[in-house]
Amino acid sequence: MSDVAPKISVLMSVYDAQDDLHRSMDSILNQTFRDFEFIIINDGSKDGSAKILEDYAARDDRIRLVHQANTGLTIALNRGIELARGDYIARQDSDDISYPERFEKQIAVMAQEPDVGLIGGNCDDLYEDGLTGQWGYSSDEELKTIPFFKTAFAHSTIMMRSQLCRDLGRYDESFKTSQDFEFWMRFAKAGRITMLSEPILQRRIIGSSISSKRRWRQFYDATRARWRHNDGLFMRLKAVFYGVRILLITMLPYKLVSAIKQIRSS
């Protein structure tokens, strides 16, 4: 590990991801912007993930690999934040693929616009049966309110200022899910957040994803976040109603949801 701190700390938590790790890690290591460290928390994987990670770490000294007993995503991410040395922290999930110029584009905005504390991006959604879609784009004006009702952008697309991340208290470890949703609310209260309109990442959506397996826990955590960060009874109830709507949508077949998104975007 170099004594010189990198510009970006890339943070990934891995749990039983052996089928996706190669593509996901390659997409980070092959970025056009190369001044980064790659902090990977192996969160108690029981499959072949540990061996894959060790092989990569032996070949690329930008990788800082930590093995630990399983704690869950939120605590694992906070451990990575403790280790991060970069001015910026970028997230990557172990089954997502970042496009080659992602970091280059995001860091350009952060360097030119010092009032931006958090930047996300649009992303391409790939469903398990081959259907495709996009997350969608929100303007800066829309991002003044959207984060208090729904997740503004996919967790894996974000880059944040490290010091602000720490000043805001990192991820709230009482949130087993929706930790990003709650955290972005704090960023939105602290200053400006923005996102890139063009897709910077491909996100895989599968039937066994967290939104399917643990949707009720996700609804509970998201409701807590909405209640905590919205002011006044009317706004809180409005936000909770929005959450119920999202819950009902998650219960629909994903093929139908994808089709509706494609119609709305056309």
**Request:** From (1) surrounded by 21 or more Cβ atoms within 10 Å (Cβ to Cβ); (2) under 21 Å from Phe36 (Cβ atoms); (3) of a type in the set (Ser, Thr, Tyr), pick out the condition that doesn't hold for Ser162.
**Result:** (1)
**Prompt:** How many residues does the range 176-193 hold that are surrounded by 21 or more Cβ atoms within 10 Å (Cβ to Cβ) and in a loop (DSSP other than H, G, I, E, B)?
**Reply:** 2
**Message:** Show the residue pairs meeting these rules: Cβ distance below 7 Å; 6+ apart or different chains; first residue within the range 224-235 and without any contact (Cβ under 8 Å) to a residue 60 or more places away in the chain; second residue of a type in the set (S, T, N, Q) and in a loop (DSSP other than H, G, I, E, B).
**Reply:** Ala225/Ser178
**Asked** Quick one: is Ile63 surrounded by 14 or more Cβ atoms within 10 Å (Cβ to Cβ) and either out of contact with any helix residue (DSSP H, G or I) (no Cβ under 6 Å at 6 or more places or on another chain) or not hydrophobic (A, V, I, L, M, F, W, C) (or both)?
**Response** no
**Asked** assigned to a loop (DSSP other than H, G, I, E, B), closer than 19 Å to Ser94 by Cα and modelled with pLDDT of 95 or more - does that describe any residue in the range 214-223?
**Response** no
**In the range 1-60, the residues that are farther than 16 Å from Ser98 by Cα, out of contact with any Ser or Thr (no Cβ under 7 Å at 6 or more places or on another chain) and among the aromatic types (Phe, Trp, Tyr)** = Tyr56
**Request:** Report whether or not Glu173 is in a loop (DSSP other than H, G, I, E, B) and modelled with pLDDT of 95 or more.
**Result:** yes
**Request:** Note down all Cβ pairs under 7 Å where the first residue falls in the range 98-113 and is touching a residue at least 40 places away in the same chain (Cβ under 8 Å), the second is of a type in the set (Ser, Thr, Tyr) and surrounded by 20 or more Cβ atoms within 10 Å (Cβ to Cβ), and they're at least six residues apart or on different chains.
**Result:** Ile107/Tyr88; Val109/Thr194; Met110/Tyr88
**Those residues of the range 229-246 which are exposed (fewer than 14 other Cβ atoms within 10 Å of the Cβ) and under 15 Å from Ser178 (Cβ atoms), in sequence order** = Val244
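May I ask you to list the residues in the range 71-102 that are part of a helix (DSSP H, G or I) and either under 19 Å from Glu198 (Cα atoms) or among the basic types (Lys, Arg) (or both)? Talk me through it step by step, then tell me what you get.
At the first step, the residues of the range 71-102 found to be part of a helix (DSSP H, G or I) are 73-83, 102.
Within the range 71-102, Arg79, Arg102 qualify.
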**Request:** Go through the range 177-205 and give me each residue that's of a type in the set (Lys, Arg), modelled with pLDDT of 95 or more and under 22 Å from Gly80 (Cα atoms).
**Result:** Arg186
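Would you please name the residue that is farthest from Ser156 (Cα to Cα), looking only at residues in the range 122-131 that are touching a helix residue (DSSP H, G or I) at 6+ places or on another chain (Cβ under 8 Å) and part of a strand (DSSP E or B)?
Within the range 122-131, the subset touching a helix residue (DSSP H, G or I) at 6+ places or on another chain (Cβ under 8 Å) is 122-123, 125, 127, 129, 131.
Adding the requirement that they be part of a strand (DSSP E or B) leaves 122-123, 125, 127.
Values: Asn122: 10, Cys123: 9, Asp125: 12, Tyr127: 16 Å.
Result: Tyr127.
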**Complete:** Within the range 1-20, restricting to residues that are touching a strand residue (DSSP E or B) at 6+ places or on another chain (Cβ under 8 Å) and surrounded by fewer than 22 Cβ atoms within 10 Å (Cβ to Cβ), the one that is nearest to Tyr171 (Cα to Cα) is Tyr15
**Asked** What's the number of the condition Pro199 fails, among (1) in contact with a Cys (Cβ under 7 Å, 6 or more places away or on another chain); (2) within 18 Å of Thr250 (Cβ to Cβ)?
**Response** (2)
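The values are calculated or read from the model by the stated rules, or taken from the named source; none is laboratory data. Everything numeric in this text was worked out from a predicted model, so none of it was measured. As a convention, Cβ positions derive from the backbone with ideal geometry for all residues, glycine included, and neighbour counts pool all protein chains shown.
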